[in-house]
Amino acid sequence: MEDVTINYYNKNAKEYIDLTRDTAKETRELKFIKYLKKDSYILDLGCGSGKASKFFMNNGYRVCALDASIELAKLTSEYLGQQVICKRMEEIDFNNEFDGIYASASLLHIPKNKQKEVLTKLTKALKENGYMYVNYKYGNFEGIRDGRYYSDFTMEEIEKIIEQIRQLKIIEKFIIEDELGRGNKWINLIMKKHL
């Protein structure tokens, strides 16, 4: 993740939490947990405001929350009542640990040429038959926008990257309108790990 993006979230942590914690629906979270048994262990990658982590915890799941922003990690740790790991996505080194990985609005901050590398690390972090949710803004843009680094994708473009990761299989994909009313669309994918 680019430093400019982490700096943005460090400077705007409170505003970002106010924007995202109480306004978005749980559409994506509900689609994801239908694949998981209660008490499954979920990595919330780029947990941000902690909205999804709190939802998972309140619905009987164990959560490891991780974010690259020290300010978001501090505020979200208080909100969740448990420590948020402050680490960049590229630095994770989990092995066969999670039943599910939820990466909402997080991998879109990774450059396109590093997507396969990060998705491979995430696949390694999943248990066999584990599930991974990812989403991206729909489009072709890559670069700095609104003070952060973004990698937008078409469905075909991200599918080509995922196809290169032998153990991952896409089991559900859908496009939705932006839940905060910003006028853009989001590509959403749920994948399963097979050995």
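The values are calculated or read from the model by the stated rules, or taken from the named source; none is laboratory data. Keep in mind that this is a model prediction, so the values were computed, not measured. Cβ placement follows ideal geometry from the backbone for every residue including glycine, while neighbour counts extend to all protein chains displayed. Ligands, DNA and RNA are excluded from the accessible area calculation, which covers all protein heavy atoms including side chains. Shrake-Rupley method; radii C 1.70, N 1.55, O 1.52, S 1.80 Å.
The figures follow:
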{"quantity": "Candidate residues 1, 132, 57: accessible-area rank, largest first, probe 1.4 Å", "calculated": "57, 1, 132"}
{"quantity": "Gain upon complete extension [residue 146, residue 164; 0.36 nm per residue less C-alpha separation]", "calculated": "3.4 nm"}
{"quantity": "Förster-model FRET efficiency, 30 Å R0, residue 3 and residue 96, C-beta, rounded to 0.05", "calculated": "0.45"}
{"quantity": "With at most 10 neighbouring Cβ atoms within 10 Å, loop trypsin sites (Lys or Arg not before Pro) (DSSP) excluded, longest segment of the chain", "calculated": "39-165"}
{"quantity": "The chain - Debye-derived log10 I(q)/I(0), Cα point model, q = 0.11 Å⁻¹", "calculated": "-0.44"}
{"quantity": "In nm, spacing of pseudo-spin labels at residue 39 and residue 117 (7 Å Cα→C-beta vector)", "calculated": "3.9"}
{"quantity": "Rounded if a/c under 1.5, otherwise prolate or oblate - the stretch 11-109, Cα gyration tensor axes", "calculated": "oblate"}
{"quantity": "Accessible surface of the chain, 1.4 Å probe, proportion on carbon and sulfur as whole %", "calculated": "47"}
{"quantity": "Relative contact order computed over the stretch 1-111 (Cα-Cα under 8 Å; 6+ residues apart), in percent", "calculated": "33"}
{"quantity": "Positive minus negative residues near residue 129 (Lys, Arg vs Asp, Glu; Cβ under 9 Å)", "calculated": "+1"}
{"quantity": "Estimated translational D of the stretch 96-150 in µm²/s (Stokes, Kirkwood radius over Cα pairs; 37 °C; 0.692 mPa s)", "calculated": "269"}
{"quantity": "The chain - accessible surface per residue (Å², probe 1.4 Å)", "calculated": "47"}
{"quantity": "All lysines inside 22 Å of residue 127 as judged from Cα atoms, apart from same-chain residues fewer than 8 positions distant", "calculated": "31, 34, 37, 38, 87, 116, 169, 173, 192, 193"}
{"quantity": "Potential lengthening between residue 124 and residue 175 on full extension [0.36 nm per residue; Cα-Cα distance subtracted]", "calculated": "15.7 nm"}
